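The values are calculated or read from the model by the stated rules, or taken from the named source; none is laboratory data. Computed from a predicted model, the values in this text were never measured in an experiment. Here the Cβ positions follow ideal geometry from the backbone for every residue, glycine too, while neighbour counts run over all protein chains shown. Surface accessibility is based on the protein's heavy atoms, side chains included, excluding ligands, DNA and RNA. Shrake-Rupley method; radii C 1.70, N 1.55, O 1.52, S 1.80 Å.
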Amino acid sequence: MSNNKSSFWLPALVALGLVAGFSFGNYYAKKNLRFSGNNKIETILNIINHQYVDTVDMNRLVEATAQNILSELDPHSVLIPAERLQFVAYKLEGSFSGIGVSFNMLSDTILIISVIHKGPAEKAGILPYDRIITINDSVYAGRNIDQERIIQTLRGDKNSKVKLGIKRGNSAELLYFDVTRGDVPSYSIKAANNIGDNIGYLKVEDFARTTYNEFITAIAKLRKDGCEKFIIDLRGNSGGYMESAIHMINEFMPANSPIVYMQGKSFTHKEFRANGSGSCQNVPVVVLVDESSGSASEIFAGAVQDNDRGLIVGRRTYGKGLVQAPILLEDGSQLRLTIARYYTPSGRCIQKNYEMGHQEEYHRDIENRFYHGEFDSADSIKLDDMPEYKTMGGRTVYGGGGIMPDIFIPRDTSNITSYYSSVMQSGLFYQFVLEYSDSHHDKLSSFRTYGELYTYLKTQPLLNAFVDFAEKQGVKKRPTLIQISGKLIENILHAYIVRNFFDEGGFYAIILSDDVTLNRAVREIRNGTWQPAI
């Protein structure tokens, strides 16, 4: 009988306890923590902070909540934490505070590749191919430390000091240098070369705050060298500051030519036109683009195309036409919120389609293009599904996201083999180049120009040395495939070694010597067909 009574009352007591618990919590909330207003997120976070059963890292929870909110918007609205902001932004500012070296990891050791002329490291006595063993008395060699962490450690506030323990040559003793951090320039124009027939080639890596001034200097240098026709290479250029792109395109446009306009729900329509002061208004120009050309690069290419000012050669651009406003928050983080869209002069929205809250699918777009064959055949792009627009001269151009080139160039796979793919994916090119440059440093650094070094390298059995090196790293020799890819492999090795001893100009002169897209652009300029037929 007693057991039966227990089985009857126990559930009732449990239920009563639950009711009492909810009632007490409700009473406690009403008595001590009454929240009101329309900010549900803030209310919930405050309730968690004061009433949750365990202690919660509220900063982490707030950060995660903010990121989740933004993930429900477009793919380019982001929140950048304070500790990442400087690292993310430095490239577009044109300079940063650091020691002025470029480095890579060689057998878990920081190997200095180059030292910026008149930079902090050079002033302190640091030399190329020195090895950094310690930073501020902490050992960094042999610890497989992430490169980003090393970069953040070497950078710092201007006029602050960092102590480096350096191993130089075969010396057993470390040399110690106190380096005072200072402004280190970051350049956007990676190459400005006269490639023959009075054609100037400019490689623009991004649109930073200093890009326009770099561009004007490069144009003046090329013109002094006899160049009156220009190829602007924006392949791989993901964008940057819109203002820099507008200033650059202004150099090529007659007065009052439309460049770009912006429009958004709460953003007043704003249009930019050429002011007629450009120094290159009548010169031939061809722009090279690919699937990694985005944002400001698309503004530049779209203005050239819609004004029938020159040819766009390459592959369809990325399709990033959303305008972000940087909003600094109290904790030092930055909200980059999309406030408008970019439109080309003909009215095309540069931004490709996306679905709110489906960012993973959006970021797979380039991968999907590859698998659909868009990099290999213009026919894979269904123009019938894209809206049509008219250029200033009446030509048909297509919307739907990105800039469609006037001349499509498929990716060059003629020398690509499975052997080449294996060594490329394994990162063996740069590993070999680092070791080769280090072990032959005295000889390779003795040449006065990159042309002299390049001539010397072509006499060396680099291909055989690389193949032997790759085999030791687990990539078997494949003689037939090596013969097919041999010239391509040698070209990459030559270019990388030259870059280790000279500037980017030498690197691009070599790496692009057989570039199909560049060669087509040169042909159009030589034939006088650089301007679209209207």
* Among Ile199, Ile126, which is the only one that is in contact with a Pro (Cβ under 9 Å, 6 or more places away or on another chain) and at pLDDT 95 or above? -> Ile199
* To do: Starting from region 117-140, keep only residues that are among the β-branched types (Val, Ile, Thr), then list their pairs with residues that are modelled with pLDDT of 90 or more whose Cβ atoms are within a distance under 6 Å, requiring at least 6 positions of separation or different chains.
  => Ile132/Ile110; Ile132/Leu164; Ile133/Gly165; Ile133/Lys167; Ile133/Leu174; Thr134/Gly165
* Structure fact -> Taking region 329-357 and keeping residues under 22 Å from the mean Cα position of the chain (by Cα), open to solvent by 80 Å² or more (accessible area, probe 1.4 Å) and either of a type outside the set (S, T, N, Q) or under 26 Å from Ala274 (Cα atoms) (or both) leaves Arg341
* Pair list, Cβ under 6 Å, 6 or more apart: region 268-286 residue closer than 17 Å to Leu202 by Cβ, other residue buried (at least 16 other Cβ atoms within 10 Å of the Cβ) and among the β-branched types (Val, Ile, Thr) -> Pro284/Ile525; Val286/Ile231; Val286/Val313
* Asked: Across region 216-242, what is the total count of residues that are open to solvent by 10 Å² or more (accessible area, probe 1.4 Å) and under 18 Å from the mean Cα position of the chain (by Cα)?
  -> 6
* Structure fact -> Taking region 374-392 and keeping residues loosely packed, with under 13 Cβ neighbours inside 10 Å and in a loop (DSSP other than H, G, I, E, B) leaves Ser377, Lys382, Pro387
* Return yes when Thr529 is hydroxyl-bearing (Ser, Thr, Tyr) and in contact with a Leu (Cβ under 7 Å, 6 or more places away or on another chain) and no when it is not. => no
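Yes/no matrix, rows are residues, columns are (1) closer than 30 Å to Phe375 by Cα; (2) assigned to a loop (DSSP other than H, G, I, E, B); (3) in contact with a Ser or Thr (Cβ under 9 Å, 6 or more places away or on another chain):
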| position | (1), (2), (3) |
| --- | --- |
| Val260 | yes, no, yes |
| Gln263 | no, no, no |
| Phe272 | no, no, no |
| Gly276 | no, yes, yes |
| Ala301 | yes, no, yes |
| Gln305 | yes, no, yes |
| Gly332 | no, yes, no |
* Tell me which residues, restricted to region 401-426, are at pLDDT below 95, under 16 Å from Asp290 (Cα atoms) and more than 23 Å from the chain's Cα centre (by Cα). => Thr413
* Asked: exposed (fewer than 14 other Cβ atoms within 10 Å of the Cβ), assigned to a helix (DSSP H, G or I) and either among the small types (Gly, Ala, Ser) or at positive phi (or both) - does that describe any residue in region 422-438?
  -> no
* **For Leu444: the one exception among (1) of a type in the set (A, V, I, L, M, F, W, C); (2) within 27 Å of Asp412 (Cα to Cα); (3) open to solvent by less than 40 Å² (accessible area, probe 1.4 Å)** => (2)
* **Cross-chain or 6+ apart pairs with Cβ under 6 Å, region 47-58 first and open to solvent by 90 Å² or more (accessible area, probe 1.4 Å), then part of a loop (DSSP other than H, G, I, E, B)** => His50/Leu33
* Residue that is modelled with the highest pLDDT [pool: residues in region 92-102 that are open to solvent by less than 20 Å² (accessible area, probe 1.4 Å) and part of a strand (DSSP E or B)] -> Gly98
